[in-house]
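Visitor: Could you have a look at this structure, given as structure tokens, before my questions?
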Amino acid sequence: PDILCGLLAPGQDGAPIRQAHFGSHDLVFGGGFYRPDAAGCNEAADVARLAEYLAAIDPNRWTVADLDGLREFDDDADRADELEFAREVFSSLGELYRGARDAGQVVICEVL
């Protein structure tokens, strides 16, 4: 999440990429909050919105220079490896949201 949030919305706590990772709303069971600082929920409408948001992003436009300032790397080879990993993770995240949207599902996000 740190790399993707840094690439797409540095310093923006309410950004859609953060919502995709941590939820747009608190997770509530029976009127009570479940782990309010560690669990969130994206309801079906949020899932649809986030699936569209993710689909509109082209990770092939990201460059090694986009990682400057996000983390300490020894060299451009390390940055290139991290960028490739970020692209893979982003692809999986998009697939998750598209699948959940197509099935009319919610997405629960929990930091363990």
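The values are calculated or read from the model by the stated rules, or taken from the named source; none is laboratory data. Note that the structure is predicted; figures quoted are calculated from it, not measured. With ligands, DNA and RNA removed, areas are computed over all heavy atoms of the protein, side chains included. Shrake-Rupley method; radii C 1.70, N 1.55, O 1.52, S 1.80 Å.
Visitor: ³J(HN,Hα) across the range 60-69 via Karplus (A = 6.51, B = -1.76, C = 1.60, θ = phi - 60°), whole Hz, x for Gly/Pro?
Guide: Those phi angles translate into 6, 7, 5, 10, 4, 5, 5, 8, 4, x Hz.
Visitor: How large is log10 I(q)/I(0) at q = 0.15 Å⁻¹ when the Debye formula is applied to the Cα atoms of the range 1-58, each weighted equally and without solvent?
Guide: The Debye formula, applied to the Cα set alone, gives -0.46.
Visitor: Can I ask one more? Compare Leu27, Leu8, Leu112 by solvent-accessible area with a 1.4 Å probe and give them largest first, with all protein chains kept in place.
Guide: Highest to lowest solvent-accessible surface, that is Leu112, Leu8, Leu27.
Visitor: Then there is this: Please list, ordered by chain and number, the residues whose modelled amide H lies under 5 Å from the amide H of Cys109; skip anything fewer than 5 residues away on the same chain.
Guide: So Cys109 has HN proximity to Gly40, Cys41, Asn42.
Visitor: Answer with a single label: of [x] 1.09; [y] 1.02; [z] 0.96, which was calculated as Rg/Rh (Cα atoms, Kirkwood Rh) from the structure in view?
Guide: [y]
Visitor: Now a separate question. Any idea what the relative contact order of the chain is, in percent, if you count C-alpha pairs under 8 Å spaced at least 6 apart?
Guide: 36
Visitor: In whole Hz, with x marking every Gly and Pro, tabulate ³J(HN,Hα) for the range 19-26 from phi via Karplus 6.51 cos²θ - 1.76 cosθ + 1.60, θ = phi - 60°.
Guide: These are the phi-based 3J(HN,Hα) values: 5, 5, 8, 10, x, 8, 9, 5 Hz.
Visitor: For Tyr53, Tyr97, Tyr34, write out the residues from largest to smallest accessible area, computed with a 1.4 angstrom probe and no ligands counted.
Guide: Ranking Tyr53, Tyr97, Tyr34 by accessible area, largest first, yields Tyr34, Tyr53, Tyr97.
Visitor: What accessible surface, in Å², does a 1.4 Å probe find on Ile108, ignoring ligands, DNA and RNA and rounding to the nearest 10?
Guide: 90
Visitor: In addition: Computing the accessible area with a 1.4 Å probe over protein heavy atoms, can you report the carbon and sulfur percentage for the chain?
Guide: Of all accessible area on the chain, carbon and sulfur atoms account for 49 percent.
Visitor: Per residue, how big is the convex hull around the C-alpha atoms of the range 67-109? Give it to me in cubic angstrom, could you?
Guide: Enclosed volume per residue, from the Cα hull, is 72 Å³.
Visitor: In square angstrom, what is the accessible area per residue of the chain with a 1.4 angstrom probe?
Guide: Computed with neighbouring chains in place, this is 60 Å² per residue.
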